[in-house]
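Everything below concerns the one structure shown next.
The values are calculated or read from the model by the stated rules, or taken from the named source; none is laboratory data. These numbers were taken from a predicted model, which means no experiment stands behind them. Here the Cβ is made from the backbone with ideal geometry for all residues, glycine too, and neighbour counts use every protein chain on show.
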Amino acid sequence: MHYCNECAKENGWPITLFKSQGLCEECKKAAVCNEMPSSKLPKKGKPETIRCQICGSNDVEHVVQTEVFHYGPKRIKVEVPDYESIKCKNCGESVGFPESVKRAEVLLKEVRANEKTD
Ligand SMILES: [Zn+2]
Ligand SMILES: [Zn+2]
């Protein structure tokens with residue numbers, strides 16, 4: 001695979017040390033391209049452009065980190081590892097991936113259940 005920096009950014013593909021002048025296989029433009037075996041690329045073809053659900057901006061960042069929530073009046077700390085979210089650089093809002101939100105809900109439910117038995 002042979003792709004320009006712009007396509008790398010758009011698709012989340014790595015910027016490689018080895019580059020050569022040629023046609024980008026993705027956008028077909030002549031550019032200094034990154035050389036990467038296509039098997040190393042996460043997805044073939046363009047994924048859907050991710051947009052901010054709040055303001056609609058596509059200037060977003062995919063963030064994976066341990067997210068910390070504070071639940072209830074006691075501010076009980078709940079940590080969700082590998083919480084995936086889309087952080088918008090335009091409005092600053094962060095929206096969790098459905099799978100991550102589900103995991104967070106399960107953890108919060110556990111905390112709530114433990115609280116009742118106390
Ligand atoms: Zn390109
Ligand atoms: Zn936004």
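Data table
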| quantity | calculated |
| --- | --- |
| Scope region 74-96; condition within 16 Å of ligand 2 (Cβ to nearest atom) and not hydroxyl-bearing (S, T, Y); matching residues | I86, K87, C88, K89, N90, C91, G92, E93, V95, G96 |
| Residue check, K9 over 23 Å from L108 (Cβ atoms), in a loop (DSSP other than H, G, I, E, B) and basic (K, R) | no |
| Residue match in region 34-46 (condition: modelled with pLDDT of 90 or more and surrounded by 13 or more Cβ atoms within 10 Å (Cβ to Cβ)) | yes |
| Selection status of R51, part of a loop (DSSP other than H, G, I, E, B) and basic (K, R) | yes |
| For V95: the one exception among (1) under 25 Å from N11 (Cα atoms); (2) touching a helix residue (DSSP H, G or I) at 6+ places or on another chain (Cβ under 7 Å); (3) among the β-branched types (V, I, T) | (2) |
| Any hit, region 22-31, residues being in a loop (DSSP other than H, G, I, E, B), surrounded by 14 or more Cβ atoms within 10 Å (Cβ to Cβ) and in contact with a Lys or Arg (Cβ under 8 Å, 6 or more places away or on another chain) | yes |
